[in-house]
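The structure under discussion appears below in the form of C-alpha cells.
The values are calculated or read from the model by the stated rules, or taken from the named source; none is laboratory data. Model, not experiment: these values are computed from the prediction. Don't worry about glycine lacking a Cβ; one is built from the backbone with ideal geometry, like all the others, and counts go over all protein chains shown. Side chains included, ligands, DNA and RNA excluded: accessible areas come from the protein's heavy atoms. Shrake-Rupley method; radii C 1.70, N 1.55, O 1.52, S 1.80 Å.
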Amino acid sequence: MEKLKLSSTLSVSRIALGFWRLMDWKISLKALEHFVEDALQMGVTTFDHADIYGNYQCEPEFGKLLKHKPGLRDQFQLVTKCGIKLKSDLFPDLGINHYDTSAHHILKSVDRSLKNFNTDHIDLLLIHRPDPLMNPAEIADAFWQLKKSGKVLNFGVSNFTPLQYEGLNKYFDGNLVTNQVEISPYCLEHFENGNIDFFMNEGIHPMAWSPIAQGLLIKPTDEKSRRIVKKLEETAASLDVDGIDKIIYAWLLYHPVKIIPIVGSGKIERLKSAVDALQINLSREQWYEIFIASKGYPLP
Ligand SMILES: NC(=O)c1ccc[n+]([C@@H]2O[C@H](COP(=O)([O-])OP(=O)(O)OC[C@H]3O[C@@H](n4cnc5c(N)ncnc54)[C@H](OP(=O)(O)O)[C@@H]3O)[C@@H](O)[C@H]2O)c1
C-alpha cells in the first residue's frame with residue numbers, strides 16, 4: 001500500500017481506519033485483534049481515534065488490545081484528537097458540551113490518551129474542532145511541550161478553515177501536518193470554501209472523515225443522495241466494479257491533493273473495498289459526473 005509522507009517522523013497509509021464507532025461494533029477483544037491484524041495485513045496502518053469517541057470509551061477499549069498485544073504498537077500510526085469536552089463521568093461538573101483548547105486541557109487530554117492506549121507516544125494529535133476562544137499561541141505552546149517530551153510526535157487539526165490553519169501554523173513554525181475534514185461525493189463543502197485549494201497550494205494531504213457520508217451513500221434517504229447513488233451505480237456498472245463503495249473511494253483517491261479516506265466500517269470486507277479502490281481508474285469525466293450529480297445541476 002502506498003504511504004504518504006507527512007513529516008520526517010510520520011508516513012501514513014493511503015487508506016486510514018477510523019474507530020469512532022468501535023463501541024457500536026460490539027466485538028470481543030479477540031475479534032478486535034483479528035480485525036486490526038487483517039487491516040495491517042492489507043497495509044492499512046493509520047488508525048484514527050479521538051478522546052471523546054464512544055463517550056470516552058473507544059480509546060481505553062482499543063488500549064486493552066495494546067495491553068494484550070504490545071507488539072502491535074510499532075506496526076501502526078496512532079492518531080487521536082482533543083479539544084472537545086462532553087458531559088460524562090469524566091467531567092461530572094460540566095454544565096454543557098463545549099470546546100476547550102487551553103494548554104491545560106490539551107496536556108491533560110494527551111496524558112489521559114496515553115494512559116488509555118497503554119502507549120508512551122501518539123504519532124499524530126489533532127485539535128478536533130476550531131474553538132471560537134482558541135488562542136493559537138497557547139495551543140502551539142502546548143504542542144511544543146508535547147513534542148519536546150516525546151509524548152506526541154506530530155500535530156495537526158480537524159475541521160479548520162485555511163485562516164485558522166495558518167494562524168496556528170505560524171506559531172508552530174509551519175510544523176502542522178494535516179487537516180482532517182469531511183469529504184465525500186455528498187459533502188463538497190471543502191471544494192467550495194477554499195480548503196482544498198489551500199491544501200493544494202501548501203502541499204497538505206487532508207484526511208477525509210465520513211467518506212460514505214455516514215452510510216447515507218449506501219442507503220440514500222434524500223433527493224441528493226439518491227441522485228449520487230444512481231450515478232455511482234451507473235459508474236460501477238460501466239467499469240464492471242462490484243459495489244458503489246469502491247467507486248466512492250476511487251472518487252476520493254482520484255483528486256491530486258491525495259485525500260486520505262478514513263474508513264468508518266467495522267467490517268473487514270468493507271475496508272477491503274477501500275483498498276481495492278486503489279486499483280480503479282476513473283476517468284476525469286466520470287469524476288465530474290459524480291460531482292455534478294451531487295450538485296444537482298450542470299456546470300456553467
Ligand atoms: N474529525 C472529525 O470531526 C470526524 C468526524 C466524524 C468521523 N471522523 C473519523 O472518520 C471516521 C469515518 O467516519 P464515518 O464512520 O462517519 O465513516 P463512513 O464510512 O462515512 O460511515 C460509516 C458508516 O457507514 C456504514 N458503512 C460504511 N461502508 C459501508 C458499506 N460499504 N456498506 C454499507 N454500510 C457501510 C458503516 O456501517 P458498518 O460498520 O456496519 O459497515 C457505518 O455505520 C470515523 O471512524 C472517525 O475516525 C472524524
Failed item, numbered, when F172 is tested on (1) open to solvent by less than 40 Å² (accessible area, probe 1.4 Å); (2) closer than 18 Å to P256 by Cα
(2)
What's the total number of residues in the range 7-34 that are free of Cβ contacts under 8 Å to residues at least 60 places away in the same chain and among the basic types (K, R)?
2
Search the range 250-270 for residues being within 11 Å of the ligand (Cβ to nearest atom) and over 14 Å from the mean Cα position of the chain (by Cα), and hand back the single one that is farthest from S225 (Cα to Cα).
I268
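Table: residues versus (1) touching a residue at least 60 places away in the same chain (Cβ under 8 Å); (2) open to solvent by 10 Å² or more (accessible area, probe 1.4 Å).
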position: E166; (1), (2): no, yes
position: T178; (1), (2): yes, no
position: P185; (1), (2): yes, no
position: N193; (1), (2): no, yes
position: D197; (1), (2): no, yes
position: M200; (1), (2): no, yes
position: K231; (1), (2): yes, yes
Only one of (1) in contact with a Pro (Cβ under 7 Å, 6 or more places away or on another chain); (2) open to solvent by less than 10 Å² (accessible area, probe 1.4 Å) is not met by N116, so which one is it?
(2)
If you check K5 against the conditions, is it over 17 Å from G266 (Cα atoms), touching a strand residue (DSSP E or B) at 6+ places or on another chain (Cβ under 7 Å), loosely packed, with under 14 Cβ neighbours inside 10 Å and modelled with pLDDT of 95 or more?
yes
Matching entry among A103, A39 (being surrounded by fewer than 23 Cβ atoms within 10 Å (Cβ to Cβ) and of a type in the set (A, V, I, L, M, F, W, C))
A103
